[in-house]
Amino acid sequence: MNPTLPTLIPYQDHYPYVPVMVKRPLVTFDPIAVAKIIHQMGNGFALTIDRHQRYSYFSFKPQRSLTGRQLAKHQRPANETLQAILNQYRTPRIHGLPPFTGGLIGYFGYEYVQQFVPKLHLKSPATADLDDLGLFLVTSVLVYDHRHHELGLTQLIPTADLAATYAVTQTALTQQLAAIIEQLQQPIALPPFDLQQPLHMQVDQATYARQVDRIRQHIYAGDIFQMIYANPCLGTMSGSLLAVYQQLQKTAAPYTCYFK
């Protein structure tokens, strides 16, 4: 059910934004085709995650891109900055709509725990080039409902002038969704991907085994109760990772993500 204007009016005194959504039936859906559109338009994300993988979410043009390094330059803590953004774009949960219709989406690294426990001083050379967090602020989301085979497009609109904004937004969303579906009907050719150097483990098996044994000793001693100790594969590539994302779609993983 798409939210009608009478459905949204009761929320305008309690929320700064409300979601508008339009839908169209789409029996055959190819997430790779949508991910390719994201790749062509710049920053964006493709995410399949929900109970029983019901929804796939996509967004092309985020309002803002936030990283840990950017937030570290602010005078107030990163948590407060993020909470202020969430408050600014707070929306109601409306029956019949997907759980996510806009807001902040992305990742938090383990190192972000330092924001909550300042006494921690983590050293992680393996992720030195990866920010503690990477988030997009999105106000428009493309959503595919795998249960009902529908493609929907959402837009967060301010409640200040709801009646006028609603009509304009619904018309624009209808036109945008029709254009996207037309694009999806076109044949897709994935950008090239080339692995220039074979993948290799960061540490050899013997070193990894010694580290695992050391972790077990710390657990037994009660110093820690759990550790996720990875041994990443490293290599050199050129081109686009869309081909890798295509392979993820063929797995039985509970969720997949393409974040650019």
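Out of the residues in segment 27-46 that are closer than 21 Å to Ala189 by Cα and outside any helix (DSSP H, G or I), which is modelled with the highest pLDDT?
Taking segment 27-46 first, the residues closer than 21 Å to Ala189 by Cα are 28-46.
Next, from what is left, pick out any that are outside any helix (DSSP H, G or I): 28-30, 42-46.
On the way: Thr28: 85, Phe29: 82, Asp30: 81, Gly42: 61, Asn43: 63, Gly44: 67, Phe45: 69, Ala46: 67.
Restricting to residues being closer than 21 Å to Ala189 by Cα and outside any helix (DSSP H, G or I), the top hit is Thr28.
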When segment 179-199 is checked residue by residue, the ones that are among the aliphatic types (A, V, I, L, M) and under 25 Å from the mean Cα position of the chain (by Cα) are Ala179, Ile180, Ile181, Leu184, Ile188, Ala189, Leu190
Going by the conditions given, is Leu190 open to solvent by 20 Å² or more (accessible area, probe 1.4 Å), part of a loop (DSSP other than H, G, I, E, B) and under 30 Å from Leu26 (Cα atoms)?
yes
Residue within segment 245-256 that is assigned to a strand (DSSP E or B) and closer than 22 Å to Gly152 by Cα present
yes
Out of (1) within 19 Å of Tyr258 (Cα to Cα); (2) in contact with a helix residue (DSSP H, G or I) (Cβ under 8 Å, 6 or more places away or on another chain); (3) at pLDDT 90 or above, what's the single condition that is false for Val141?
(2)
Name, by its number, the condition in (1) in contact (Cβ under 8 Å) with a residue 40 or more places away in the chain; (2) part of a helix (DSSP H, G or I); (3) open to solvent by 70 Å² or more (accessible area, probe 1.4 Å); (4) of a type outside the set (Lys, Arg) that does not hold for Asp213.
(1)
Evaluate segment 58-67: report whether one residue or more is open to solvent by less than 40 Å² (accessible area, probe 1.4 Å), of a type in the set (Val, Ile, Thr) and either within 25 Å of His149 (Cα to Cα) or at pLDDT 85 or above (or both).
yes
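Identify all residues within segment 193-205 that are in contact with a strand residue (DSSP E or B) (Cβ under 7 Å, 6 or more places away or on another chain) and either closer than 24 Å to Gly152 by Cβ or assigned to a loop (DSSP other than H, G, I, E, B) (or both); write none if there are none.
From segment 193-205, those in contact with a strand residue (DSSP E or B) (Cβ under 7 Å, 6 or more places away or on another chain) are 193-202; that's our starting set.
Listed by number, the list holds a single entry, Gln202.
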Assuming Tyr208 fulfils every condition listed in (1) aromatic (Phe, Trp, Tyr); (2) outside any helix (DSSP H, G or I); (3) more than 24 Å from Glu150 (Cα to Cα) apart from one, which condition is it?
(2)
Step by step: first the residues of segment 223-244, then only those that are over 27 Å from Gln211 (Cβ atoms) and in a loop (DSSP other than H, G, I, E, B), then the one that is least open to solvent (accessible area, probe 1.4 Å). Which residue is that?
Ser240
Considering segment 99-109, residues that are more than 19 Å from His14 (Cβ to Cβ) and touching a residue at least 60 places away in the same chain (Cβ under 8 Å), and then whichever is most open to solvent (accessible area, probe 1.4 Å), we arrive at Tyr107
Scanning segment 142-164 for residues that are open to solvent by 40 Å² or more (accessible area, probe 1.4 Å) and either within 20 Å of Thr91 (Cα to Cα) or assigned to a helix (DSSP H, G or I) (or both) gives Gln155, Pro158, Ala160, Asp161, Ala163, Ala164
Do you know which residues across segment 73-98 are surrounded by 14 or more Cβ atoms within 10 Å (Cβ to Cβ), closer than 27 Å to Tyr55 by Cα and polar (S, T, N, Q)?
Thr91
Only one of (1) open to solvent by less than 60 Å² (accessible area, probe 1.4 Å); (2) touching a strand residue (DSSP E or B) at 6+ places or on another chain (Cβ under 8 Å); (3) closer than 30 Å to Pro10 by Cα fails for Ala167. Which number is that?
(2)
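The values are calculated or read from the model by the stated rules, or taken from the named source; none is laboratory data. Keep in mind that what you see is a predicted model, and the values were worked out from it rather than measured. Note: ideal-geometry Cβ built from the backbone for every residue, glycine included; neighbour counts use all protein chains shown. Protein only, heavy atoms only, side chains kept; ligands, DNA and RNA dropped before computing areas. Shrake-Rupley method; radii C 1.70, N 1.55, O 1.52, S 1.80 Å.
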